[in-house]
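Here the structure is laid out as structure tokens; the discussion comes afterwards.
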Amino acid sequence: MQLTALALAAHLTSGGAAGSTDMEVLARLCGHSPHQTAELLDRLTASHTLTAWQQCRETDEVLWHIPSSTAQ
């Protein structure tokens, strides 16, 4: 889970509160399948490390938001 959080942090936008990347890229960086990565994103949301995440099925892009207090 920590590796996934680190990979997400590396893909944050310049504002630091949101990020996006391709699900295949994120899964490869984390060493998991896309399905396992989605489960880890759910766990990060449940632990309040992320406020939300979503995947666009047409483009396979994953978008996420982190809590504003973390984005500094």
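Give the dimensionless ratio obtained when the Cα radius of gyration of the chain is divided by 2.2 N^0.38 Å. Numbers along the way, then the final one.
Details: Rg = 11.0 Å, N = 72, 2.2 N^0.38 = 11.2 Å.
So the chain has a normalised radius of gyration of 0.98.
Taking the Cα centre of the chain as reference, the dipole from Cβ charges on Lys and Arg (+1) and Asp and Glu (-1) amounts to some 220 debye.
Percent of accessible area on the chain owned by carbon and sulfur, 1.4 Å probe?
54
Here the Karplus relation 6.51 cos²θ - 1.76 cosθ + 1.60, evaluated at θ = phi - 60°, turns the backbone of segment 58-68 into coupling constants of 5, 9, 6, 7, 10, 10, 8, 10, 9, x, 4 Hz, with x for every Gly and Pro. Per residue, the chain exposes 61 Å² of accessible surface when a 1.4 Å probe is rolled over the protein heavy atoms with every protein chain present. Taking other residues whose beta carbon is less than 15 angstrom from the beta carbon of residue 29, and scoring Lys, Arg as +1 and Asp, Glu as -1, yields -3.
For residue 21, the residues 5 or more places off, or on other chains, whose built amide H falls under 5 Å of its own are 62. With a simple spin-label model that places each label point 7 Å from the Cα along the Cα-to-Cβ direction, the separation between residue 24 and residue 68 comes to 3.7 nm.
Which whole-number percentage describes the relative contact order of the chain, with Cα contacts under 8 Å and a sequence gap of 6 or more?
Working: 97 pairs, mean separation 24.5, N = 72.
Reported as a whole number, the value is 34 percent.
With the highest mean first, a sort of the peptides 21-31, 48-58 on other beta-carbon atoms found within 10 angstrom per residue produces 21-31, 48-58.
The values are calculated or read from the model by the stated rules, or taken from the named source; none is laboratory data. Just so it is clear, the structure is predicted and the values come from calculations on it, not from any experiment. When we count neighbours, we look across all protein chains shown, and the Cβ atoms used for this are built from the backbone with ideal geometry, even at glycine. Areas reflect the complete protein model, heavy atoms only, side chains present, ligands, DNA and RNA absent. Shrake-Rupley method; radii C 1.70, N 1.55, O 1.52, S 1.80 Å.
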